[in-house]
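Peer 1: Here's a structure for you.
The values are calculated or read from the model by the stated rules, or taken from the named source; none is laboratory data. Everything numeric in this text was worked out from a predicted model, so none of it was measured. FYI the Cβ positions are ideal-geometry reconstructions off the backbone, even for glycines, and counts take in every protein chain you see.
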Amino acid sequence: MALRVALNQVLRRSKPQSIALRAFASTADVPKPAPVMDVPQRILMGPGPSNSHPRALAAMAMPMLGHMHPPFLKIMDEISDYLRYLFQTDSKYTCAISGSGHMAMEAAIANVLEPGEKILVGDNGIWGARVCDLADRYGLEVVALKKPAGETYSLAELEAAVKEHKPQGLFLCQGESSAGTMQQIEGVGAITKANDCFLIVDTVCTLGGVPFKADAWDVDVVYSGGQKALSAPPGASPFMMNERAMQKLQSRKTKVATYNCDLKLIGDYWGWYGGRSYHHTGPISNFYSLREALAITCEEGLEPLWARHQAMFELLWKGLGEIGLEPYVKDPKSRLPCVNTITVPEGVDGPALSAFAMQKYNLEIAGGLGPTVGKVWRIGVMGYNAHPMNVNLVVTAFKEGLEAQGYKK
Ligand SMILES: *Cc1c(COP(=O)(O)O)cnc(C)c1O
């Protein structure tokens, strides 16, 4: 009775369009799940997530620790150290953002620039488009430097745009995984630095797969993701900012508009300023797992990693070329080794081929995303998965899948 009176009051006040209420669910309504979760073993050769390294997965089962316990803080410090090597930086300010790549993207946009400042965004695929949206939400003035998906920016184009628009920030995505392009970053930092502009780079699908050198290339802010070339599960995302970016953050006149991504506060949890204070409970098991994945990655070493990704990229295209498939990205220098876009030939049913690969081999061959929907397949060759066993299976699946459709090259 009391419930009905309260409910009537609420309805009168708020006049909702409809109301869904199950106040008295009976035990008969409780769903009865199967005794065991159905999780098939799949080979994830799309743009991500990639298969996690078994050691990274096993790390998730380690005992829980408190988020401020010294053994856990030591694990966070190890993550920071490994990231200094992977990002090639001496910066004190490395950490893992709690969340997916998008969360780290948001941290990169929300902290260094202030409302009213201008950001120039390389917009040649879905990630640039999302950064435009994000930056707009944080009150930045957004200038989208548009190019068709499949193309990249030359240093001359970037320099001209920076000089014309005089932005406080320039965003570029190193590996545009919706289009399959690799943007040259080396050389851009000299342009932004000389023009009082911060360089912000997305390396979500490239860190650990292709060369990246934060300090040598004067990159001010960079973020990545766990589940692509680093072979960890999604949920903790590498991040770095340099001293120049930190000074800009510290001299802000306005508060960072997001509590969750405020790097003044997050940095204090990661020990950037000498102390340690609670901002949020870190995803403990994800951090164990990222720590382990980074250890494995660093054990192999950057040069061998880059060489292995390059070799698997070449092996993939040798096989695809032999069956008559072509890269979507015209300029060979702009092709991204980590996420490859393959043009769907005239008359071929792209989704049917992906379904064939999944059905026969439990193998993921992804379709396009954003501007490439319906035009391409996407094949990720990243981290633990960048192995001839997987690459050759992809080629086999394409060959058989095309034959099943009666395609002749
Ligand atoms: C996958 C990806 C992201 C997004 O990462 P999530 O973990 O899905 O949030 C961002 N940028 C690039 C280049 C990516 O490939």
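Peer 1: Among 149, 161, which is in a helix (DSSP H, G or I) and farther than 14 Å from residue 200 by Cβ?
Peer 2: Details: 149 fails: in a helix (DSSP H, G or I).
So the residue among 149, 161 that is in a helix (DSSP H, G or I) and farther than 14 Å from residue 200 by Cβ is 161.
Peer 1: Something else now. Restricting to segment 128-142, and then to whatever is part of a helix (DSSP H, G or I) and either surrounded by 16 or more Cβ atoms within 10 Å (Cβ to Cβ) or modelled with pLDDT under 95 (or both), can you tell me which residue is nearest to the ligand (Cβ to nearest atom)?
Peer 2: Of the residues in segment 128-142, the ones part of a helix (DSSP H, G or I) are 128-137.
Now drop any that are not either surrounded by 16 or more Cβ atoms within 10 Å (Cβ to Cβ) or modelled with pLDDT under 95 (or both), which leaves 128-132, 134-135.
Values: 128: 10, 129: 11, 130: 8, 131: 9, 132: 14, 134: 11, 135: 15 Å.
The residue in question is 130.
Peer 1: Tell me, which residue of segment 37-62 that is part of a loop (DSSP other than H, G, I, E, B) and closer than 14 Å to residue 295 by Cβ is nearest to the ligand (Cβ to nearest atom)?
Peer 2: Initially, segment 37-62 is screened for residues part of a loop (DSSP other than H, G, I, E, B), giving 37-42, 45-53, 60-62.
When the remaining residues are screened for being closer than 14 Å to residue 295 by Cβ, the result is 52-53, 62.
Working: 52: 13, 53: 17, 62: 23 Å.
Going through the qualifying residues, I end up with 52.
Peer 1: Is there a residue in segment 164-175 that is away from the ligand (no atom under 16 Å from the Cβ) and either without any contact (Cβ under 8 Å) to a residue 40 or more places away in the chain or under 23 Å from residue 379 (Cβ atoms) (or both)?
Peer 2: Yes, some residue in segment 164-175 is away from the ligand (no atom under 16 Å from the Cβ) and either without any contact (Cβ under 8 Å) to a residue 40 or more places away in the chain or under 23 Å from residue 379 (Cβ atoms) (or both).
Peer 1: Now for a different question. Quick one: in segment 211-239, which of the residues that are of a type in the set (A, V, I, L, M, F, W, C) and surrounded by fewer than 22 Cβ atoms within 10 Å (Cβ to Cβ) is farthest from residue 85 (Cα to Cα)?
Peer 2: Going residue by residue through segment 211-239, those that are of a type in the set (A, V, I, L, M, F, W, C) are 212, 214, 216-217, 219, 221-222, 229-230, 232, 236, 239.
Those left that are additionally surrounded by fewer than 22 Cβ atoms within 10 Å (Cβ to Cβ): 216-217.
Working: 216: 13, 217: 14 Å.
If we take residues in segment 211-239 being of a type in the set (A, V, I, L, M, F, W, C) and surrounded by fewer than 22 Cβ atoms within 10 Å (Cβ to Cβ), then 217 is farthest from residue 85 (Cα to Cα).
Peer 1: Please verify whether segment 249-259 includes one or more residues that are surrounded by 20 or more Cβ atoms within 10 Å (Cβ to Cβ) and within 16 Å of the ligand (Cβ to nearest atom).
Peer 2: no
Peer 1: Read through the list (1) modelled with pLDDT under 95; (2) in contact with a strand residue (DSSP E or B) (Cβ under 6 Å, 6 or more places away or on another chain); (3) not charged (D, E, K, R), then give the number of the only condition that residue 373 fails.
Peer 2: Unmet condition: (2).
Peer 1: Just wondering, is there one or more residues in segment 79-97 that are within 15 Å of the ligand (Cβ to nearest atom), closer than 20 Å to residue 219 by Cβ and among the small types (Gly, Ala, Ser)?
Peer 2: As a first pass, look at segment 79-97 and keep what is within 15 Å of the ligand (Cβ to nearest atom): 96-97.
From what is left, the residues that are closer than 20 Å to residue 219 by Cβ are 96-97.
Now narrow it down to the ones that are among the small types (Gly, Ala, Ser): 96.
Yes, some residue in segment 79-97 is within 15 Å of the ligand (Cβ to nearest atom), closer than 20 Å to residue 219 by Cβ and among the small types (Gly, Ala, Ser).
Peer 1: Further question on the same structure: What pairs can you find where one residue is in segment 134-156 and under 24 Å from residue 378 (Cα atoms), the other is modelled with pLDDT of 95 or more and among the basic types (Lys, Arg), and their Cβ atoms are less than 8 Å apart, with a gap of 6+ or different chains?
Peer 2: Close Cβ pairs (under 8 Å, with a partner that is modelled with pLDDT of 95 or more and among the basic types (Lys, Arg)) amount to 150/330; 153/147.
Peer 1: Moving to a separate point now. Only one of these conditions is not met by residue 108: (1) in a helix (DSSP H, G or I); (2) without any contact (Cβ under 8 Å) to a residue 40 or more places away in the chain; (3) within 16 Å of the ligand (Cβ to nearest atom). Which number is it?
Peer 2: Every listed condition holds for residue 108 apart from (2).
Peer 1: Could I ask something else about it? Can you tell me which residue among 311, 352 is within 24 Å of residue 230 (Cβ to Cβ) and of a type in the set (Gly, Ala, Ser)? Show your work before the answer.
Peer 2: On the way: 352 fails: within 24 Å of residue 230 (Cβ to Cβ).
Going through 311, 352 in turn, the sole match is 311.
Peer 1: Do any residues in segment 44-57 that are on the phi > 0 side of the Ramachandran plot have Cβ atoms under 7 Å from those of residues that are at pLDDT 95 or above and in a strand (DSSP E or B), where the two are at least six apart or on different chains, and which pairs are they?
Peer 2: 48/380
Peer 1: Another question about this same structure. What number of residues within segment 201-232 satisfy the criterion of being outside any strand (DSSP E or B) and near the ligand (Cβ under 9 Å from one of its atoms)? Explain how you work it out, then say what you get.
Peer 2: Going residue by residue through segment 201-232, those that are outside any strand (DSSP E or B) are 203-206, 208-209, 211-220, 224-232.
Next, only the ones that are near the ligand (Cβ under 9 Å from one of its atoms) stay: 203-206, 224-228.
Going through segment 201-232 one residue at a time, the tally reaches 9.
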